[in-house]
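Peer 1: Handing you this structure, nothing more for now.
The values are calculated or read from the model by the stated rules, or taken from the named source; none is laboratory data. Computed from a predicted structure; not experimentally measured. Methodologically, a virtual Cβ is constructed for each residue, glycine included, from the backbone with ideal geometry; neighbour enumeration extends over all protein chains shown.
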Amino acid sequence: MNCKNCKTFGSSPIPEEGKYVQVKNIEDVSGFSHGCGACAPQQGTCKLTLNVKNGIIKEALIETIGCSGMTHSGAMACEILIGKTILEALNTDLVCDAINVAMREIFLQLVYGRSQSAYTENGLEIGSGIEDLGKHKSSNVSTVYSSENGPRYLQLAEGYITRQALDKNGEVIGYEYINTNLLVELLESGEDNIQTILQKCKKTYGRFDEGVHFINPRKC
């Protein structure tokens, strides 16, 4: 039925980088967000982070855990993604099931305005990964165990955990770690005294100095 009094308002605007946008074409989509996916046999998972400007993927971070093939799949996918529109990327085989599923999920986030940068004016700049900021941190690795004996931190963003500090109640209040990124940097610089290198790379986090008990998470 045609009604002269009816108006077409178009699509609902979504929040994008500090403004509201009516998305009519793929180039109307901008944002920074994450998507997670698992492979069909549930043996591995991928977290995919994209920085999209005007529909084009400008920056991608691919983090995988699981089967060894996923690391190579991630390497190939990172070469594929840059320069594609998010629609092209959605319809491209990104080598691994988990990465493909992560791409689907991040596509949904972006086109529905659920990005991490939805209310950030002009979004996030290109080329500022955490490893590039001089803090010697890793953006992707975390390995922790927990049992009746309590939590054990093995690897976190800061690096390789050597000791955990516990308070009088046996609760973790901090940890000592070796910053592995700094370790590699010092080795590459020509430093050859391993004890000196370890001391330079050994740091603490939290209220480590207030600990009552200290444990080596790999020996408990």
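Residue-by-condition table, conditions (1) in a loop (DSSP other than H, G, I, E, B); (2) touching a helix residue (DSSP H, G or I) at 6+ places or on another chain (Cβ under 8 Å); (3) surrounded by 17 or more Cβ atoms within 10 Å (Cβ to Cβ):
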residue: Lys24; (1), (2), (3): yes, no, no
residue: Glu27; (1), (2), (3): no, no, no
residue: Gly35; (1), (2), (3): no, yes, yes
residue: Ala77; (1), (2), (3): no, yes, yes
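Peer 1: Determine the pairs where a residue that is loosely packed, with under 12 Cβ neighbours inside 10 Å, located within the range 144-173, has a partner that is hydroxyl-bearing (Ser, Thr, Tyr) and assigned to a loop (DSSP other than H, G, I, E, B) with Cβ atoms under 9 Å apart, the partner being 6 or more residues away or on another chain.
Peer 2: Close Cβ pairs satisfying both conditions: none exist.
Peer 1: If I ask for residues that are within 13 Å of Ile106 (Cβ to Cβ) and either outside the structural domain of Cys96 (by TED's automatic domain parsing) or surrounded by 21 or more Cβ atoms within 10 Å (Cβ to Cβ) (or both), which ones from the range 39-51 would you list? Spell out how you get there, then give the answer.
Peer 2: Of the range 39-51, the ones within 13 Å of Ile106 (Cβ to Cβ) are 46-51.
Passing the criteria: Cys46, Leu48, Leu50, Asn51.
Peer 1: Could you list, in sequence order, the residues of the range 52-75 that are under 15 Å from Ile106 (Cβ atoms) and in a strand (DSSP E or B)?
Peer 2: Of the residues in the range 52-75, the ones under 15 Å from Ile106 (Cβ atoms) are 52-53, 55-64, 74.
Val52, Lys53, Ile56, Ile57, Lys58, Glu59, Ala60, Leu61, Ile62, Glu63, Thr64 - these are the residues of the range 52-75 that are under 15 Å from Ile106 (Cβ atoms) and in a strand (DSSP E or B).
Peer 1: Residues that are under 18 Å from Glu125 (Cα atoms) and surrounded by fewer than 13 Cβ atoms within 10 Å (Cβ to Cβ): does the range 57-75 have at least one?
Peer 2: Checked the range 57-75: no residue is under 18 Å from Glu125 (Cα atoms) and surrounded by fewer than 13 Cβ atoms within 10 Å (Cβ to Cβ).
Peer 1: I'd like the full set of residues that are within 30 Å of Glu148 (Cβ to Cβ), of a type in the set (A, V, I, L, M) and crowded, with 18+ Cβ neighbours inside 10 Å, limited to the range 179-220.
Peer 2: Matches in the range 179-220: Ile215 only.
Peer 1: Within the set of pairs 6 or more residues apart or between chains, which connect a residue that is assigned by TED's automatic domain parsing to the domain that holds Lys19 and of a type in the set (Ser, Thr, Tyr) inside the range 110-126 to a residue that is part of a loop (DSSP other than H, G, I, E, B) and loosely packed, with under 14 Cβ neighbours inside 10 Å with Cβ atoms less than 9 Å apart?
Peer 2: Ser117/Gly18; Tyr119/Gly18; Thr120/Gly18
Peer 1: I've got another one for you. Could you tell me which numbered condition Ile82 fails, if it satisfies all but one of (1) surrounded by fewer than 15 Cβ atoms within 10 Å (Cβ to Cβ); (2) aliphatic (A, V, I, L, M); (3) closer than 28 Å to Val144 by Cβ?
Peer 2: (3)
Peer 1: For the range 22-51, name all the residues that are under 17 Å from Ala118 (Cα atoms) and either in contact with a His (Cβ under 7 Å, 6 or more places away or on another chain) or without any contact (Cβ under 8 Å) to a residue 60 or more places away in the chain (or both).
Peer 2: Gln22, Glu27, Asp28, Thr49
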